[in-house]
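**Q** Here it is: the structure, laid out below.
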Amino acid sequence: LTQLLQRLSLAEPNDPRSYRMMVNAFNWSGQPRAANAALAKLAGIPGQMEWVVAKRAVLVGRDKPKAAVNLIEKSGLDLTTQPSVDVLTAYVENLARAGRQQDALQAARAALVDNNDFAPFHEVHAKALEAASRPAAEVSHALERAIEISPHRASALTALADQAAKSNRTEEALALYDRASTAAPADPAPAWSAIELLVSLEANGDSPDTRVDPRLKQLLASHGHHFGAAELLARRIVSKGGNLERARAFAHRSVILGGGANALATLGWIDLERDKPESAIRFLRRSLAVSPDAAATHFHLGRAPGSLG
């Protein structure tokens, strides 16, 4: 993929799209030097400085929020203009992580002075309010203003749903997550958040919610690559005494898609239930190599005949 993108950038040296994809691809594949080189080339294209500064701040801010703040401040960009919204978002987030919550709130409010009808700035304001531990009503009000301006803004709908979930307004949260999914059908995050909310209620002692499994199936029908949904559905099938082969197919899909320790543990558990101890032990031990403190995985491994030699 990166080689193809490099060829595209050579063919169209002034087209920023290939460079942006290169930055994301190199970053995803763990090649920070190559990502920085692509960012440097992108910075030379007119109109791309805001994207470059925002991306650099996000990458640096993962480990060094103060350095990310300095990077943005030295860029000289005007963070009160609409093209700088991504930079302002990174600035507010890193100020908050650096312990400067009030500065983050001040920066967000400054952007709203001349842009009160720009929905993304109200979302940034909500982030700053939450970071500054302001009342939940203030955070919700900022998000509601963003939705009032842009009713189909999925990120604001999702953030408002999160606020409702934190306040135990479950049905309101689910409705907002569903609106966000409709507004951004290519993004599985809102649907997954709704599922996680229902599952968390079950974990806290509520009776099993009949809406979870249909939502999982719907999510996987639209986003078959979602390893979390595949692994969770596999677990639920087993826990309800369902078809083990079907459950294994979902667990195996999750492993292939990068589900990590959880997917491996679930696959091992299923093979244990299928009376396949050797396979079960193999997957459970692979899971423990990634997540050695997982109690449930140790429990299942202890159940496997011959697991202790």
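**Q** Measure nothing fancy, just the Cα-based angle from helix 2-11's long axis to the longest principal axis of the chain, in degrees from 0 to 90, nearest 10.
**A** Once rounded, one gets 30 degrees.
**Q** Spin-label point model (7 Å from Cα, Cβ direction): what's the Ala175 to Ser291 distance in nm?
**A** Those two pseudo-labels are separated by 3.5 nm.
**Q** Here is a further query. Give me the 1.4 Å probe accessible area per residue for segment 44-172, excluding ligands and nucleic acids, in Å².
**A** Per residue, segment 44-172 has 50 Å² of solvent-accessible surface.
**Q** Can you tell me what the convex hull of the Cα atoms of segment 41-136 projects to on average, as an area in nm²? List each step's numbers first, then the result.
**A** Values: hull surface 24.5 nm².
The Cα convex hull of segment 41-136, projected and averaged over all directions, gives 6.1 nm².
**Q** Rg(Cα) of segment 224-309 divided by 2.2 N^0.38 Å? Kindly include the intermediate steps, with their values, before the conclusion.
**A** On the way: Rg = 11.6 Å, N = 86, 2.2 N^0.38 = 12.0 Å.
Normalised Rg, Cα atoms only: 0.97.
**Q** Take every Cα pair under 8 Å in segment 53-182 that's 6+ residues apart, average their separations, divide by the length, and report that relative contact order as a whole percent.
**A** Values: 172 pairs, mean separation 20.2, N = 130.
Once normalised by length, the contact order is 16 percent.
**Q** Suppose the Debye formula is applied to equal point scatterers at every Cα of the chain; what is log10 I(q)/I(0) at q = 0.08, 0.09, 0.16 Å⁻¹?
**A** Here log10 of I(q) over I(0) equals -0.49, -0.62, -1.28.
**Q** Among the lysines, which have Cα under 30 Å from the Cα of Lys66 when same-chain residues fewer than 8 positions away are ignored?
**A** Within reach: Lys41, Lys55, Lys74, Lys127, Lys166.
**Q** Okay, moving on. Please report the orientation-averaged projected area of segment 146-188, defined via the convex hull of its C-alpha atoms, in nm². Walk me through the intermediate numbers first.
**A** Working: hull surface 10.8 nm².
Mean orientational projected area (segment 146-188, Cα hull): 2.7 nm².
**Q** OK, next. In whole Å, what are the extents of segment 251-291 along the principal axes defined by its C-alpha atoms, from largest to smallest?
**A** Sorted largest first, the three principal extents are 25, 20, 10 Å.
**Q** Here's something else I'd like to know. What number, in percent, do you get for the relative contact order of segment 203-276 if the mean sequence gap of Cα pairs under 8 Å and at least 6 apart is divided by its residue count?
**A** On the way: 64 pairs, mean separation 19.6, N = 74.
About 27 percent, as a whole number.
**Q** Give me Rg/Rg_expected for segment 191-267, where Rg uses Cα atoms only and Rg_expected = 2.2 N^0.38 Å with N residues.
**A** 1.02
**Q** Sticking with this one: Relative contact order for the chain: what is it in percent, counting Cα pairs under 8 Å that are at least 6 residues apart? Let's see the in-between values first.
**A** Details: 381 pairs, mean separation 19.4, N = 309.
6 percent.
**Q** Taking the Cα centre of the chain as origin, sum charge times position over the Cβ atoms of Lys and Arg (+1) and Asp and Glu (-1), and report the length of that vector in debye to the nearest 20. Please report the intermediate quantities before stating the final value.
**A** Details: 36 positive and 33 negative charges, 223 e Å.
Roughly 1080 debye for the chain.
**Q** Once R0 is set to 25 Å, what does the formula 1/(1 + (r/R0)^6) return for the Cβ-Cβ distance between His225 and Ser279, expressed as a FRET efficiency to the nearest 0.05? Intermediate values should be presented prior to the final figure.
**A** Details: r = 24 Å, r/R0 = 0.98.
Once the sixth-power term is evaluated, E becomes 0.55.
**Q** Can you order the peptides 269-275, 75-81 by their average number of other Cβ atoms within 10 Å per residue, highest first? Don't skip to the end; give the middle numbers.
**A** Details: 269-275: 19.9, 75-81: 15.7.
Result, highest mean first: 269-275, 75-81.
**Q** While we're on this one: Calculated FRET efficiency, Ile45 and Asp117, Cβ-Cβ r, R0 35 Å, to nearest 0.05?
**A** Here the calculated transfer efficiency is 0.75.
**Q** Let me ask something else about it. Relative to the longest principal Cα axis of the chain, at what angle does helix 227-239 sit, 0 to 90 degrees, rounded to 10?
**A** Result, in degrees: 30.
**Q** Related question: In segment 77-128, if the dipole is taken from +1 on Lys/Arg beta carbons and -1 on Asp/Glu beta carbons about the Cα centre, which of Val124, Ala108, Asn94 is farthest to the positive end?
**A** Among Val124, Ala108, Asn94, the one farthest towards the positive end of the dipole of segment 77-128 is Asn94.
**Q** Provide the FRET efficiency to the nearest 0.05 for the Arg134-Thr210 pair, computing r from the beta carbons and using R0 = 35 Å.
**A** On the way: r = 37 Å, r/R0 = 1.06.
According to the calculation, E is roughly 0.40.
**Q** Over segment 121-255, what lengths in whole Å, largest first, do the semi-axes of the equivalent ellipsoid take, defined as the square roots of 5 times the eigenvalues of the alpha-carbon gyration tensor?
**A** Sorted largest first and rounded, they come to 31, 16, 11 Å.
**Q** Magnitude of the Cβ-charge dipole of segment 128-274, K/R +1 and D/E -1, about the Cα centre, nearest 20 debye? Walk me through the numbers on the way to the answer.
**A** Values: 16 positive and 18 negative charges, 77 e Å.
Result for segment 128-274 is approximately 360 debye, rounded to the nearest 20.
**Q** Given segment 147-219 reduced to its alpha-carbon atoms as identical point scatterers, what log10 I(q)/I(0) does the Debye formula return at q = 0.14, 0.16, 0.24, 0.25 Å⁻¹?
**A** Reported log10 I(q)/I(0), two decimals: -0.40, -0.52, -1.06, -1.13.
**Q** Ranking request for peptides 171-182, 117-128: highest mean number of other beta-carbon atoms within 10 Å first, then the rest in descending order. Display every interim value, and only then the final one.
**A** Details: 171-182: 19.4, 117-128: 23.0.
Final packing ranking: 117-128, 171-182.
**Q** Please build a GNM for the chain, connecting alpha carbons under 10 Å apart, and tell me which residue among Ser155, Ser193, Ser279 fluctuates the most.
**A** Most flexible of the set in this elastic network: Ser279.
**Q** Rank Ala142, Pro185, Ile195 by how far each Cα sits towards the positive end of the charge dipole of segment 141-207 (+1 on Lys, Arg Cβ; -1 on Asp, Glu Cβ) and give me just the farthest.
**A** Of Ala142, Pro185, Ile195, it is Ala142.
**Q** OK, next. State the dimensionless ratio Rg/Rh of segment 11-73 (Rg: radius of gyration of Cα atoms; Rh: Kirkwood radius). Write down the numbers at each step before the final one.
**A** On the way: Rg = 11.6 Å, Rh = 11.9 Å.
Rounded to two decimals, Rg/Rh equals 0.98.
The values are calculated or read from the model by the stated rules, or taken from the named source; none is laboratory data. For clarity, every value in this text was computed on a predicted model and none was experimentally measured. Quick reminder, even Gly has a Cβ in these numbers, built from the backbone with ideal geometry, and neighbours come from all protein chains shown. The area values use the complete protein model at the heavy-atom level, side chains included, leaving out ligands, DNA and RNA. Shrake-Rupley method; radii C 1.70, N 1.55, O 1.52, S 1.80 Å.
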